[in-house]
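Shown next, in structure tokens, is the structure this report addresses.
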Amino acid sequence: QVQLVESGGGLVQAGGSLRLSCVVSGSIFSINDMGWYRQTPGKQRELVATITGGGSTNYADSVKGRFTISRDNAKSTVYLQMNSLETEDTAVYFCNADIRPTIATLRVFRYWGQGTQVTVSS
């Protein structure tokens, strides 16, 4: 069973920083793209940042220059460094990973973590 577990969320004042981590475990042949999304109550999940297996990154305009996504393939982990946090960044943050579970599996499956709460106070 593939699992993604986020950590690092919490309460921080505006202007502060947090670093989120997401560790992937289970049956993994390869991990392709990974990403971070966020969701506020009553809203759809929105893209925050993505990173490909080759290291190419993409960011939402609202977080460019403030957030940095990275990955450590040896640890099967994706990170989101969040600096200069704003109250508008308050949300539940979810990581995802596109995973090929075994060499015999031709399809790639998208897995999601359960989310970690980030609250930015003024």
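General remarks:
- Under the Karplus curve 6.51 cos²θ - 1.76 cosθ + 1.60, θ = phi - 60°, whole-Hz ³J(HN,Hα) for the range 38-47, x wherever Gly or Pro sits: 9, 8, 9, x, x, 10, 6, 5, 10, 5
- Inter-label distance for A14 and T102, nm, one decimal - labels placed 7 Å from Cα along Cα-to-Cβ: 5.3
- Normalising the average separation of contacting C-alpha pairs (under 8 angstrom, six or more residues apart) by the number of residues puts the relative contact order of the range 1-105 at 36 percent.
- Of all DSSP beta bridges in the range 4-86, antiparallel share, percent nearest 5: 100
- Accessible area per residue, Å², the chain with all protein chains present, probe 1.4 Å: 53
- Estimated distance in nm for a label pair at S70 and L47, the labels positioned 7 Å out from Cα along Cα-to-Cβ: 2.3
- Within the accessible area of the chain (1.4 Å probe), percent carbon and sulfur: 47
- Cut-off under 5 Å, modelled amide H: who pairs with L85 long-range: G15, G16
- Estimated dipole of the range 33-122 in Debye, rounded to 20 [Cβ of Lys and Arg +1, of Asp and Glu -1, Cα centre]: 300
- All-pairs Cα distance distribution in the range 1-44, expressed in whole percent, bin size 5 Å: 5, 13, 21, 21, 20, 11, 7, 3
- With the convex hull of the Cα atoms taken as the outline of the range 1-104, the averaged projected area works out to 7.0 nm².
- Loop GluC sites (Glu not before Pro), the range 27-117, which have at most 15 other Cβ atoms in a 10 Å radius of their Cβ (DSSP): E86
The values are calculated or read from the model by the stated rules, or taken from the named source; none is laboratory data. All values reported here derive from a predicted model rather than from experimental measurement. Note that each Cβ is placed from the backbone with ideal geometry, even for glycine, and that neighbours are counted across all protein chains shown. In case anyone asks, the SASA skips ligands and DNA or RNA and just uses the protein heavy atoms, side chains included. Shrake-Rupley method; radii C 1.70, N 1.55, O 1.52, S 1.80 Å.
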